[in-house]
Every structure is written in structure tokens, then in C-alpha cells.
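**Student:** Below is the structure I would like to discuss, written out as C-alpha cells.
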Amino acid sequence: MARTKMSTNRPTRPFLAPGLFLLAACGGEPATPATVRDSAGVTIVENQAPRQPVYRVLDSTPVLEIGGSGEGHDEFSRINGLAWLADGGVVVADGALQELRIFNADGGWRATAGRKGGGPGEFEGLGGIDALTDGTLRAFDSQHRRFSTFSGDGSFMGEMALEPGGPQYLQLISRLPDGRALFRAADVFGAGEAQSGITRRPSIVVLFDSAGVPGDTVGKFPGSEALVQVSGEGRSFTMNVMTLPLGRNTTMVVAGDRLVVAPSDDYQLQIHRLDGSLERLIRRPVARRPITDADLERYLQDMADRGSRDFVDRMRKPIMEAPRPEAMPAYGKVLVGPDSQLWVGDFTPPGVNGPERWSVFDVGGQWLGEVEMPARFRPYRITADRVLGVWLDSDDVPFVRAYRFRER
């Protein structure tokens, strides 16, 4: 059911630990300032503590909720992306049905764009979506290597295919305001290279120009750890590859005209210019706990609950016997907020559904403070006054929700 809920002026209980909230309200001692130094032309920002424990507080009641009406338009199978429209509406990319669903600012369904297929305006690898300031929508299809453009009412307007060349299996990082686009691609196995065990192939980042022509490689960065199981040989050769449970991975986002590379090995955000050169490192201390058998069992159970039981049964023994990472990843998702802020979520293991803390850094790398997101809510877009994301109910059914920040 599409519902719009307006906040009232009554006090609401914040999603924050009371001690943290009181400390912020009472002022407390000023935080230890960050240490900024230069090393061979690279600025290193060492944050010891946030400027204030609580940076912003979200209202407890969502101002927008889309889902659950039983009418089909707001029932989602797998949400691949969300974006705000210029008029306040929302566009949702459904990865299972390969379509875009467009909703008005009050949550009412407006139109559906695209469908599964290879023709104009159709998708087979629907990925990144953007809503432009002129009201149009743009979506990337990794399978067909093309951008498709739609009007705000869902009408197909045209497409731009990427020119041949460069790496295959592209994942869109971001399209820049000038029309260029940054993509990442895995460094795939060559013939005869695959061996059973744990591997971490690099991710290759390539900048395409506004006409879709591949340019220079921006750089090679650590990819995700994977568990490979090879059996047989010749025509009977088989290979199973899965992301190593709780393994190291790398998030990439674009903030302004900079590429942010965030390997989860340590709490360190790398800020690169688009020529690949390293400009800044942003660090903060974090406690990382060891991974236990119970953590792996919870991970496997979560995969099985989401429909991968056969694969889990086949891979359980290799997973439990494989060398495990030394500790949990240093952080989870990284998003770009207003004014090129970096919002970094604490790592939450699969199967754990409590509220998530997010650390906020300004464009210079200063740790501004923390924000606590509601339980079972994953943010996708952050603006100056609200957060748009996906909330899962107790049956893991996805709803689109928006929360507004409380006035200071």
C-alpha cells in the first residue's frame, strides 16, 4: 500500500543510544581534532574522534512508504536501485522483473518503464539509475552495455550504447555531470588459471567519454575475495565461484569529480583524481572482531532463507573448511551525501537486523559525527533533509521508505 506519513510536532524517540544523545545535547568535551599531514603529496587525515557524537537524527516515522498494497505496482521482487525525481517522486529499479517503476511524491504509482528483453527500452542487466534535473530518467543495462533514457512519465526517449573495447562485464560506478561515465570490471580468469581456493582478483576502473568510447584505465584496485571450487577437467570441467562469506571487498563511489575507493581491509577511504592519482586518505579507528563458526552459520542460513539453499548445501563444506578472514570487514556500504559528504555504514553481518550506525565525513575528510538508521532499513540516497532506502518487514518483503531528518 502506498502511504505518505507526515511527521507531527510531537517529540519522537530518536534511533540513538541515550548516552550518545545526551552527550550531544549537553555538549560534552570537544572531540580530539583530526591530524592532517602530507606524505609524498598525499594528504592523510587521521580522525581520532568525531567532532560531535551525533551528527543528525532521523524522525522515527517515515514520511513516505511504498509497498504492500497487493495491487502489483508496489510489490517488489529485488530492488536494484532508487532515485529521487526532480518533482519529488521516486523511481525504483526492480532487478527481478527488469523494469523501472515511477511513483509520485505521495507514493502513488505513476508509470512502469521497460521490461525484460533485448529491444529498445528493454533490459536484461538493469543496474544503475539516475534521475536528471530536467525530469528524465537514465538507466544502465550491463548485459547490453547501453544507457536508456525515459521521460518522467515512463516514455522511452532513446539509448546510447557503449563502443566496443575495454573490459567486459562492466558495472556502472557513476555517470558524471559532463556525460562521461566510470565503470568497474573484474579481472576475469584466463584459460587454465582457475584453481580451487580463495582468490581476490583486481577491479579495473575505466573512464568512458560522453559518446560511450572507452578511454584510459583509471586504475586497478583490490576486488572482492571469492571462494573458487574447481572439479573435473576438459569438457567435464566445472567451477563454482561465490563471494567469500564475510570476506574483504571494495566499494567505489564518485564524490564530485573524485573517485572514492574503499577496500574493507582497514578503515581507510582512498580519494583518487580521475587520472588515477591518489589525493587523500581518510582514516578512523575501528574495532574489528574475529569471525566465528556461528557467524558463518548465520551467513549460510541467511543465504538459504533467500532462496539459495541448494547452492548453500553444495558449498557448506568448502566454506566451513576454507581459511577465513582475520576479522569482520572494517565497514559496510559507502554513500555520497550532500556537498560530497561521505557516509560510511558500520558493517552489519547477514542475519543481524538491528539499527545501523553511519559515520559522516566532510569533503576534506573530517569526521563530523554519526547517524543511526532504523532497523532493517538500507539507505540508497541521502539529501540535506531526508534519506531514501529499502526497509524489510519481518518476512523480508521490501518496502521503499523515506525518513526526514529532525530539525536541529
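The values are calculated or read from the model by the stated rules, or taken from the named source; none is laboratory data. Since this is a predicted model, take the numbers as computed values, not measurements. Note that we place each Cβ from the backbone using ideal geometry, even for glycine, and neighbour counts take in every protein chain shown. Keep in mind that these areas ignore ligands, DNA and RNA; they rest on the heavy atoms of the full protein, side chains included. Shrake-Rupley method; radii C 1.70, N 1.55, O 1.52, S 1.80 Å.
**Student:** Would you please classify the overall shape of segment 212-352 from the alpha carbon gyration tensor, given that a ≥ b ≥ c denote the square roots of the eigenvalues, rounded means a/c under 1.5, and beyond that prolate means a/b larger than b/c while oblate covers the rest? It would help to have the intermediate numbers written out before the result.
**Tutor:** Working: a/c = 2.37, a/b = 1.49, b/c = 1.60.
The shape class here is oblate.
**Student:** Here is a further query. Please work out whether the chain counts as rounded, prolate or oblate from its C-alpha gyration tensor, where a ≥ b ≥ c are the square roots of the eigenvalues and a/c under 1.5 means rounded, while otherwise a/b larger than b/c means prolate and anything else oblate?
**Tutor:** On the way: a/c = 1.28, a/b = 1.09, b/c = 1.18.
Rounded, since a/c falls under 1.5.
**Student:** Show that you can apply the helix-only estimate: for the chain, add -39,500 (n - 2.57) for every DSSP H stretch of four or more residues, divide by all residues, and state [θ] at 222 nm to the nearest 500.
**Tutor:** On the way: 3 runs with 33 residues, N = 408.
Calculated mean residue ellipticity at 222 nm is -2500 deg cm²/dmol.
**Student:** Could you give the length gained by full extension between SER151 and TRP109, i.e. 0.36 nm per residue of separation minus their alpha carbon distance, to one decimal place? The partial results should precede the final answer.
**Tutor:** Details: separation 42, 0.36 × 42 = 15.12 nm, distance 1.51 nm.
Full extension from SER151 to TRP109 adds 13.6 nm.
**Student:** Give me the number: length gained by fully extending THR61 to LEU176, i.e. 0.36 nm times residue separation minus the C-alpha to C-alpha distance, one decimal in nm. Please report the intermediate quantities before stating the final value.
**Tutor:** Values: separation 115, 0.36 × 115 = 41.40 nm, distance 3.38 nm.
So the chain would gain 38.0 nm between THR61 and LEU176.
**Student:** Under a point-charge model restricted to the Cβ atoms of Lys and Arg (+1) and Asp and Glu (-1), what is the dipole moment magnitude of the chain relative to its Cα centre, in debye to the nearest 20? Walk me through the numbers before you get to the answer.
**Tutor:** Working: 47 positive and 52 negative charges, 119 e Å.
Roughly 560 debye for the chain.
**Student:** Counting Lys +1, Arg +1, Asp -1, Glu -1, what net charge surrounds ARG258 among other residues with beta carbon under 12 Å of its beta carbon? Working shown, then result.
**Tutor:** Numbers: positive: ARG273, ARG280; negative: ASP257, ASP275, GLU279.
Charge balance in the 12 Å sphere: -1.
**Student:** Quick check: residue separation of GLU46 and GLU326 times 0.36 nm, minus the Cα distance between them. What number comes out in nm? Write down the numbers at each step before the final one.
**Tutor:** Working: separation 280, 0.36 × 280 = 100.80 nm, distance 2.33 nm.
My answer for the length gained is 98.5 nm.
**Student:** For the charge dipole of the chain, defined by +1 on Lys and Arg C-beta atoms and -1 on Asp and Glu C-beta atoms about the Cα centroid, which residue among PRO50, TYR299, GLY247 has the Cα displaced farthest towards the positive pole?
**Tutor:** The one lying farthest along the dipole's positive direction is PRO50.
**Student:** Ignoring ligands, DNA and RNA, what percent of the accessible area of the chain is carbon or sulfur (1.4 Å)?
**Tutor:** Numbers: 9580 of 19560 Å².
Carbon-and-sulfur percentage of accessible area, whole number: 49.
**Student:** Any idea of THR61's accessible area? Nearest 10 Å², probe 1.4 Å.
**Tutor:** Approximately 60 Å² for this residue.
**Student:** Let me ask something else. Toward the positive end of the charge dipole of segment 111-238, about the Cα centre and with charges on Cβ (Lys, Arg +1; Asp, Glu -1), which of PHE221, PHE208, ALA131 goes farthest?
**Tutor:** PHE221
**Student:** A follow-up question, please. May I ask you to give the solvent-accessible area per residue for the chain, in square angstrom, as obtained with a 1.4 angstrom probe?
**Tutor:** Per-residue value: 48 Å².
**Student:** Something else now. Kindly work out what percent of the DSSP beta bridges joining two residues of the chain are antiparallel, to the nearest 5.
**Tutor:** On the way: 102 of 108 bridges.
Just about 95 percent of them are antiparallel.
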